[in-house]
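Engineer: Take a look at this one; I'll ask things after.
Every number here is computed from the coordinates shown, using simple stated rules; none is lab data. Note that the coordinates shown come from a computational prediction; the quantities given were computed from them, not determined experimentally.
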Amino acid sequence: MSILGSSRPAPSCRRRRERERAAEVPARRQVPLRETRQAWILLAPEKLFLPDAIAVEILKRVDGRRTSGEIVDELAAAFQAPRDVIERDVATMLGDLAAKGTIAL
């Protein structure tokens, strides 16, 4: 039981468990990622997402074979950035896209 008297885990614990679970399960896009003349777009039913350059690098690796942990490792190596920072950003982005139904975790 938490300090507030709820039997639900604290939000930080839930997020950590979600990140740990996501690191073990391959993520896959539910909708296509396409490159247009000057930008990448993520097409969803009745929606269009224009991901920034960082999001595109993540989405290119979301193929249904790689786990989010593998994606994080690849990005950390490719951009020589701290793994924990990349892991947090990838988990946040994939969680948001999963909530919108554009990827499956």
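Engineer: Remind me, relative contact order of the range 27-104 in percent, using alpha carbon pairs under 8 angstrom and six or more residues apart?
Structural biologist: Result for the range 27-104 is 34 percent.
Engineer: Here's something else I'd like to know. How many percent of the alpha carbon pairs in the range 27-104 exceed a separation of 21 Å?
Structural biologist: When every Cα pair of the range 27-104 is considered, 24 percent fall beyond 21 Å.
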